[in-house]
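The values are calculated or read from the model by the stated rules, or taken from the named source; none is laboratory data. Worth saying up front: this structure is predicted, and the values here are computed from it rather than measured. With ideal geometry, Cβ positions are generated from the backbone for all residues, glycine too; neighbour counts draw on all protein chains shown.
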Amino acid sequence: MTLSETLIENALLAEYHYELRPVERGYANRTLYINLNDFTIREKPVSQQMKDLFTGGRGFALKLLWDAVTPQTRWNDPENELVIANGPICGITAYPGSGKATVVGLSPLTDNVMDSNVGGYFAPFLKFSGFDALEIQGKAQEDVIIYIDGDTGLVTITRNSLPEVDAHEIGKVLTERIGGDERGKRGISVLSTGQAAEHVRIALINSTWYDVRRKEVRMKQAGRGGLGRVFRDKKIKAIVVRFTDMGGDLNGVADMALIRKAGQRINKEIAELDDKQNQMRKVGTANIVEIMDHFDLLPTHNFRYGSHPETYKIDSKVWKEAFTQGLPDGCWLGCTLSCSHGVDHFPLKTGPYAGQCVLVDGPEYENAAGLGANIGNFDAQKVLELNFYCDTYGVDTISFANCVAFAMECYEEGILNKERTGGLELNFGNGTAALELLHQMARGEGFGVIVGQGVRYMKEYFAREFGADPAFLHDIGMEIKGLEISEYMTKESIAQQGGYGLATKGPQHDEAWLIFMDQVHNLLPTFKDKAEALHYFPMWRTWFSLHGLCKLPWNDITPENNKNTKEPAKVEEHVENYTWIHQGVTGIPTTTETLLAQSERVYNFQKVFALRMGRVGRQHDVPPYRAMGPVTKVEYESRQERYDKQLRELVGIDPVGLSTEEKMAHLRKYREEQYRKMQDAVYERRGWDENGIPKVEKLKALGMDLPELVEVVEQARKKLSQQP
């Protein structure tokens with residue numbers, strides 16, 4: 001079926017014809033605005049100032065959202081937007097990991113600005129179709145499908161006619177219907193979510209691409225912050241982009257030789273070293289499950305513990321055997337790291353697709369750790385089934401795992417019982433019950449809907465409805481700013497506690513992953529060292545989202561001599577690669593400092609944005625105590641030798657004769673004070689005041705002292721000064 005026939009079938013609501021223009025030095029130089037209230041479709045130009053201050057990708061998306069909302073806007077208001085952006089380097093095929101989109105909007109979990117990145121082909125196809133970002137505002141009255149046809153220069157909004165309700169079917173049907181033959185299918189990418197996104201706040205957005213070797217439509221996920229809930233609240237069934245005229249240089253780059261120079265260097269390293277290092281091409285990020293377990297970093301039973309004797313049942317050897325080997329598994333063209341693994345022909349045992357064999361994307365490390373150890377489930381079959389249903393129903397696996405783990409601990413502590421859970425026995429390890437919670441989320445019924453509102457919601461609900469102790473719930477509820485913490489145990493790494501607590505959107509490791517530097521290798525012994533790391537790494541990792549890049553090629557494969565360099569964690573040779581590809585694309589002379597300045601401008605802008613939306617004060621940057629130390633007696637006693645030693649050597653207290661509760665109180669006081677000192681050091685290094693508010697002189701130094709930003713900063717300080 002042709003695209004025009006599809007539009008007629010689906011009942012056209014609006015259309016917009018635009019001029020096809022080539023990308024110039026990484027930029028399409030315009031964005032696409034759609035308002036679903038009245039089906040407005042129009043272009044917006046990208047100014048030089050926008051490029052200079054916001055660079056692209058996440059920066060563009062944040063700026064467009066800033067202009068669209070007010071401090072009073074909430075996530076489910078029509079004024080809230082979904083913005084999907086690419087970035088100037090996005091779409092090159094000579095360097096691995098260049099196909100990322102960043103999705104931005106106000107989050108139903110945090111009620112603040114959220115960004116989430118996703119692979120697949122959508123971001124490059126959007127750019128090559130003519131747009132640096134897609135901005136969607138308003139709410140439709142009925143389900144709609146948005147088409148962007150980059151082959152002909154046509155944007156349409158149509159009524160939905162698809163009976164399918166879940167992402168794996170929506171993506172498949174639209175790819176086949178619009179793509180047609182094999183070549184056509186390769187030129188289709190679909191954004192969608194699933195039926196659970198109608199009912200829960202922990203919902204994700206899937207992004208597809210057509211796997212020509214498997215002859216299957218595959219998906220990656222923009223998982224964090226519940227933006228899939230916003231997607232469905234706006235009555236979007238799917239967003240489809242078509243671009244079939246792929247070639248070697250569609251980015252209009254300034255110096256292809258410089259890009260190829262960087263690409264040849266890293267591709268040689270991947271070919272020669274990946275099998276000796278992390279085996280990303282064989283097992284992907286799941287390679288670290290047993291490593292995390294070995295170093296007591298694998299979250300187990302709602303982050304109570306960091307290891308478990310049954311971890312071998314869900315470690316990398318299990319996934320390597322399950323993954324189809326020998327296939328290049330990149331989620332964008334030219335990615336030789338090929339870490340996007342899947343389990344083919346997986347037989348489902350529960351839910352609406354029971355008896356079918358499906359393709360499961362992953363599991364990634366986060367899924368294996370969260371859907372496995374953190375809920376006490378060491379059944380690989382159930383990990384995979386949970387993984388599949390989370391994706392197709394549109395549920396973020398990280399948030400789901402933490403929500404279920406929290407509910408399970410509340411069940412074991414007597415806060416919940418079978419009457420309150422609708423008959424479910426939510427003991428740790430009950431993977432069958434976890435699956436039932438997930439199916440309930442999709443159906444919009446039962447206790448699963450409560451769990452699907454997030455940990456922060458459950459804390460308030462359990463205290464109000466069941467009389468639970470709010471302080472205890474806060475201590476064990478693994479969320480910060482309303483976002484569930486990604487799956488790494490941080491009790492013995494104050495730097496990683498800061499990496500989570502001080503992350504602007506909420507605790508996601510794409511800002512800073514410092515556990516090995518801090519805990520394992522002891523490379524950050526002082527608060528100054530930790531503060532420097534918590535400045536550099538979030539700024540550097542922000543840079544990937546400005547340009548449409550995956551961070552994995554930066555440090556999941558490293559040069560052979562990297563361990564002998566001055567600062568191995570920075571992987572300076574690969575940083576040099578990024579200066580080459582940035583200069584090669586844009587033609588702008590580039591240094592490491594150039595790249596970091598781009599990030600620092602946007603990072604501080606996002607911080608001011610969060611202040612504008614009401615998140616003012618250092619209390620928002622503090623993790624729950626479970627992330628810092630043992631909350632319960634059983635936790636302390638499981639590592640008693642370690643904690644007693646710390647009391648003697650660090651706190652200066654002899655634990656002999658003290659009760660476990662007394663020892664826990666002394667340890668807690670010490671650890672919370674250490675966190676406050678680290679927090680102070682980071683604020684100072686970032687150029688923020690003691691309450692985490694960027695100083696005006698810092699904004700001025702970055703060229704970000706725009707009147708509207710300065711006004712927000714001054715209002716935030718005034719608000720704090722008026723508090724008792």
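Observations
- One residue stands out among those in region 373-409 that are assigned to a loop (DSSP other than H, G, I, E, B) and touching a strand residue (DSSP E or B) at 6+ places or on another chain (Cβ under 9 Å): the one that is surrounded by the fewest Cβ atoms within 10 Å (Cβ to Cβ), which is G376.
- From F544, F537, residue being in contact with an Asp or Glu (Cβ under 9 Å, 6 or more places away or on another chain), surrounded by fewer than 21 Cβ atoms within 10 Å (Cβ to Cβ) and assigned to a helix (DSSP H, G or I): F537
- In region 556-584, the residues that are over 17 Å from R541 (Cβ atoms) and touching a residue at least 40 places away in the same chain (Cβ under 8 Å) form Cβ pairs under 6 Å with partners that are of a type in the set (D, E) and in a loop (DSSP other than H, G, I, E, B), at six or more places apart or across chains, as follows: G584/D255.
- Yes/no for V585 being assigned to a helix (DSSP H, G or I) and among the β-branched types (V, I, T): yes
- For region 293-310, the set of residues classified as under 22 Å from the mean Cα position of the chain (by Cα) and either part of a loop (DSSP other than H, G, I, E, B) or modelled with pLDDT under 95 (or both) consists of L297, L298, P299, N302, F303, listed by residue number.
- Of residues in region 442-459 being part of a helix (DSSP H, G or I) and of a type in the set (D, E, K, R), the one farthest from S486 (Cα to Cα): R443
- Boolean, E465 is closer than 30 Å to Q606 by Cβ, part of a helix (DSSP H, G or I) and not assigned by TED's automatic domain parsing to the domain that holds L204: no
- Residues within region 338-351 that are assigned to a loop (DSSP other than H, G, I, E, B), in contact (Cβ under 8 Å) with a residue 60 or more places away in the chain and of a type in the set (G, A, S), tallied: 2
- Among the residues of region 583-616, those identified as crowded, with 19+ Cβ neighbours inside 10 Å and either in contact with a Gly (Cβ under 6 Å, 6 or more places away or on another chain) or hydrophobic (A, V, I, L, M, F, W, C) (or both) are V585, T586, L595, V602, F605, V608, F609, A610, L611, M613, V616.
- Only one entry in Y18, Y95 is more than 23 Å from the chain's Cα centre (by Cα) and outside the structural domain of S338 (by TED's automatic domain parsing), namely Y18.
- Only one of the listed residues (W332, W319) is part of a helix (DSSP H, G or I) and either closer than 20 Å to I515 by Cα or touching a strand residue (DSSP E or B) at 6+ places or on another chain (Cβ under 9 Å) (or both). That residue is W319.
- Screening the candidates E487, E492, E479 for the property of being surrounded by fewer than 24 Cβ atoms within 10 Å (Cβ to Cβ), closer than 28 Å to I291 by Cβ and in contact with a helix residue (DSSP H, G or I) (Cβ under 6 Å, 6 or more places away or on another chain) yields one hit, E492.
- Residue, nearest to the chain's Cα centre (by Cα), within region 59-88, restricted to residues that are among the small types (G, A, S) and outside any helix (DSSP H, G or I): A85
- The set of residues from region 617-647 being farther than 14 Å from Y305 by Cα and loosely packed, with under 13 Cβ neighbours inside 10 Å comprises Q619, E641, K645.
- Candidate set: region 352-372, residues that are in contact with a Gly (Cβ under 9 Å, 6 or more places away or on another chain) and not in a loop (DSSP other than H, G, I, E, B); chosen: the one surrounded by the fewest Cβ atoms within 10 Å (Cβ to Cβ): L359
- Residue in region 669-687 that is surrounded by fewer than 19 Cβ atoms within 10 Å (Cβ to Cβ) and touching a strand residue (DSSP E or B) at 6+ places or on another chain (Cβ under 8 Å) present: yes
- Those helices (runs of 4 or more DSSP H) lying entirely in region 617-724 with at least 2 residues more than 25 Å from E487 (Cα to Cα) and at pLDDT 95 or above: 640-646, 660-686, 696-702, 707-721
- Filter result (in a loop (DSSP other than H, G, I, E, B) and surrounded by fewer than 24 Cβ atoms within 10 Å (Cβ to Cβ)) within region 113-141: G130, G138, K139, A140, Q141
- Failed item in (1) over 25 Å from N251 (Cα atoms); (2) of a type outside the set (F, W, Y); (3) assigned to a loop (DSSP other than H, G, I, E, B), with K528 passing the rest: (3)
- In this entry, T158 passes the filter for residues that are more than 30 Å from Q264 (Cβ to Cβ), in contact with a Leu (Cβ under 6 Å, 6 or more places away or on another chain), at pLDDT 95 or above and in the same structural domain as R201 (by TED's automatic domain parsing).
- Long-range neighbours under 9 Å by Cβ, at least six apart or interchain, first residue surrounded by fewer than 17 Cβ atoms within 10 Å (Cβ to Cβ) within region 425-444, second basic (K, R) and at pLDDT 95 or above: E425/K418; T432/K382
- From I515, I557, residue being under 20 Å from N267 (Cα atoms), touching a helix residue (DSSP H, G or I) at 6+ places or on another chain (Cβ under 9 Å) and either modelled with pLDDT under 95 or in the same structural domain as A68 (by TED's automatic domain parsing) (or both): I557
- Considering region 190-287, the qualifying strands (runs of 3 or more DSSP E), each wholly inside and each with 1 or more residues that are touching a Lys or Arg at 6+ places or on another chain (Cβ under 8 Å) and not small (G, A, S), run over 205-211, 216-222.
- Filter result for V455 (under 19 Å from A627 (Cα atoms) and modelled with pLDDT under 95): no
- Flag if K172 is buried (at least 24 other Cβ atoms within 10 Å of the Cβ) and either modelled with pLDDT of 95 or more or not assigned by TED's automatic domain parsing to the domain that holds I188 (or both): no
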